[in-house]
Structures are given as C-alpha cells and as structure tokens.
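**Student:** Dropping the structure in here first, questions after.
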Amino acid sequence: MSFAVPLASGKSEIFEALLKFMPDWVQITVLALAILALVVSWGFKLKRRIDHRRALRSGVPVPVPAQRSGADFLGQYASQPQAQAQPQRSGADYLGAYAPQQTRQDGTV
C-alpha cells in the first residue's frame, strides 16, 4: 500500500497547469524568462554584496537604508515636533475653573 505524497508545491502545480494549455514556444519563452529573472536577481544580490565588501575594506561609510515607517509618508498630516521650551501639557491644563487647585509646600493656594 503506497501513499501518494506530492513532491511539488501548490505554486509549481498551478504554474505547470497553466503551462500545459500553452503552445510549446510560449512554454519555452515563459520558462526562459523565469530563469532569466532568477539569474538577474542573483546577479544584483552578488553585486550588492561585493560593493559592500569593497566599501568596508576601503573605509568608506556604508550607506544603511533607513528604517521607514508609515509616519514617514504622512506629509502634512504627520505630527509636528514640539518645541522643548513648552512644558508638557495634560488634560488638567484645559479644565479652567474646574481644575484642581495647586497648593504650595507652605500650604497656600
């Protein structure tokens, strides 16, 4: 009794199913383009690694990509930096007459 275990992933099975319905010359072209894309990506990765090593050996500072977040792209909606001279304000600052009274150490208001 043998159990059939698929050796290919789901993506490759879908890829093969799509290729079966195409003519041979399209199949060959698609496969060649996929292989070319893979080789080019390896080439760029290798070039980047070589450039990084050369920069380290020559003492040139290596540019590190900045960690970006969604706040970097908010434009006019991004929060503006607060001036350091202003004290930190809280909700009690806006209560007016309903705010608790500040007492000094000598007991006066």
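The values are calculated or read from the model by the stated rules, or taken from the named source; none is laboratory data. No experiment lies behind these values; they were computed from the predicted model shown. We place every Cβ from the backbone using ideal geometry, glycine too, and count neighbours over all the protein chains shown. The area values use the complete protein model at the heavy-atom level, side chains included, leaving out ligands, DNA and RNA. Shrake-Rupley method; radii C 1.70, N 1.55, O 1.52, S 1.80 Å.
**Student:** With GLY43, GLY59 as the choices, which residue is at pLDDT 65 or above and surrounded by fewer than 10 Cβ atoms within 10 Å (Cβ to Cβ)?
**Tutor:** Values: GLY43 fails: surrounded by fewer than 10 Cβ atoms within 10 Å (Cβ to Cβ).
When all the criteria are applied, what remains is GLY59.
**Student:** Which pairs have Cβ atoms under 6 Å, sit 6 or more apart or on different chains, and link a residue in segment 43-72 that is assigned to a loop (DSSP other than H, G, I, E, B) to one that is at pLDDT 80 or above and open to solvent by 100 Å² or more (accessible area, probe 1.4 Å)?
**Tutor:** Every condition considered, no pair remains.
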